[in-house]
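Engineer: I have a structure here, written as structure tokens, and I will follow up with some questions on it.
Each reported figure results from applying straightforward, stated rules to the coordinates on display, with no laboratory input. Small disclaimer: the values here were computed from a predicted structure and weren't measured. Every residue, glycine as well, gets a Cβ built from its backbone with ideal geometry; the counts of neighbours run over all protein chains shown.
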Amino acid sequence: MRVDTSAALSAYNAASTQNIGNTKPVDDVALREQTDAFEAFLVKEVLDIALKNENPLFPEDPGDKIYNSMYNDAMSKALSGGFGFSELLYNFLKERA
């Protein structure tokens, strides 16, 4: 499967030309935030599938799905940036820009 990254790359290129001369452009920080957010999304999807059947932290009650989702969201944000997906995507997009 091939993913079309042309729109993201053109937006990154257009934004990065505005910060010529900076040692660490704001765009690099924004790109890092977005790649970390993408990794958090991937981790949340894995947690949703892995903890779908049983989670002893939240017994079955009317709000268990909401608490489960909030827990998985918080865990995915805390774990993002540590699996390497974010770094891989960041380096790929920096290279292509």
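Engineer: How do the pairs read when you match residues in the stretch 70-81 that are in contact (Cβ under 8 Å) with a residue 12 or more places away in the chain with residues anywhere that are of a type in the set (K, R) and part of a helix (DSSP H, G or I), using Cβ under 7 Å and keeping only pairs 6 or more apart or on different chains?
Structural biologist: The qualifying pairs are N72/K44; D73/K44; S76/K44.
Engineer: Only residues that are surrounded by fewer than 14 Cβ atoms within 10 Å (Cβ to Cβ) and on the phi < 0 side of the Ramachandran plot: list them for the stretch 84-97, please.
Structural biologist: Initially, the stretch 84-97 is screened for residues surrounded by fewer than 14 Cβ atoms within 10 Å (Cβ to Cβ), giving 84, 88, 91-92, 95-96.
Of everything in the stretch 84-97, those that are surrounded by fewer than 14 Cβ atoms within 10 Å (Cβ to Cβ) and on the phi < 0 side of the Ramachandran plot turn out to be L88, N91, F92, E95, R96.
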